[in-house]
Amino acid sequence: MANSGFQLLGYFLALGGWIGIISTTVLPQWKQSSYAGDAIIMAVGLYEGLWMSCASQSTGQVQCKIFDSLLSLDVHIQTCRALMVISVLMGFIAIIVSVVGMKCTKVGDNNPSTKSKIAISGGSLFLLSGLCTLVAVSWYATQVSYHFFDPNTPINARYEFGPALFVGWAAAILMMLGGSFLCCSCVNEDSRGQQFYRQSQPSTAREYV
């Protein structure tokens with residue numbers, strides 16, 4: 001029962017991380033206009049994400065424009081797009097695989113050893129999904145920091161970290177933590193099963209003698 005609870009905890013942590021990754025992917029607030037230093041505080045706040053850029057006016061009106069050309073985008077934006085899409089897809093596959101492999105479910109093969117291997121596969125996919133998100137978000141944040149501290153960047157054209165980056169970091173941690181719980185619970189269970197088999201094997205041999 002302890003392993004089942006551990007698996008459930010890992011699964012729901014990873015599920016929450018996956019929802020956070022989807023939110024991070026679609027949110028336009030990956031970076032936002034900076035008002036640090038001598039920057040003039042404007043009535044319009046600028047935001048930019050992977051798919052669109054938005055302008056928020058002081059009246060509450062928000063206007064967004066989707067990026068027209070893929071090839072005209074910076075390399076880091078194209079790469080982050082690919083990593084986030086891959087992360088979402090791997091997370092979806094991991095959710096299905098983990099349901100089949102968890103002890104508390106009756107889906108698929110009922111052999112405990114087989115279910116453990118399937119659960120480990122699901123946990124590994126969760127880990128890879130979280131790693132892809134972590135790389136994408138951290139790379140994007142590095143680019144924002146680089147341009148912010150670049151003396152050649154005009155003060156009014158500097159950006160800071162947007163809320164989507166923090167959501168992405170939190171989602172990646174949840175996803176990797178959940179995947180680790182799934183993998184660790186199954187590895188411990190397999191180790192106990194092998195130890196029990198080794199201990200019971202001599203007595204079985206004596207019975208045949």
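Quick note: the coordinates plus some simple rules give every number you see, no bench work behind them. The model shown is predicted, which means the values in this text are computed figures rather than measured ones. When we count neighbours, we look across all protein chains shown, and the Cβ atoms used for this are built from the backbone with ideal geometry, even at glycine.
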message: So for the stretch 69-149, averaging the separation of alpha carbon pairs under 8 Å that are six or more residues apart and normalising by length, what relative contact order in percent results?
response: 37 percent
task: Give the calculated FRET efficiency between I155 and V44 to the nearest 0.05, with a Förster radius of 22 Å applied to their Cβ-Cβ distance.
output: 0.90
query: S145 to I173: extension gain in nm, 0.36 nm per residue of separation minus the Cα-Cα distance?
result: 7.9 nm
query: For the pair L70 and Y35, what calculated FRET efficiency results from E = 1/(1 + (r/R0)^6), where r is the Cβ-Cβ distance and R0 = 35 Å, to the nearest 0.05?
result: 0.65
query: Using modelled amide H (1.01 Å from N, peptide plane; none on Pro or chain starts), what sits under 5 Å from the amide H of G162, excluding residues fewer than 5 places away?
result: K31, Q32
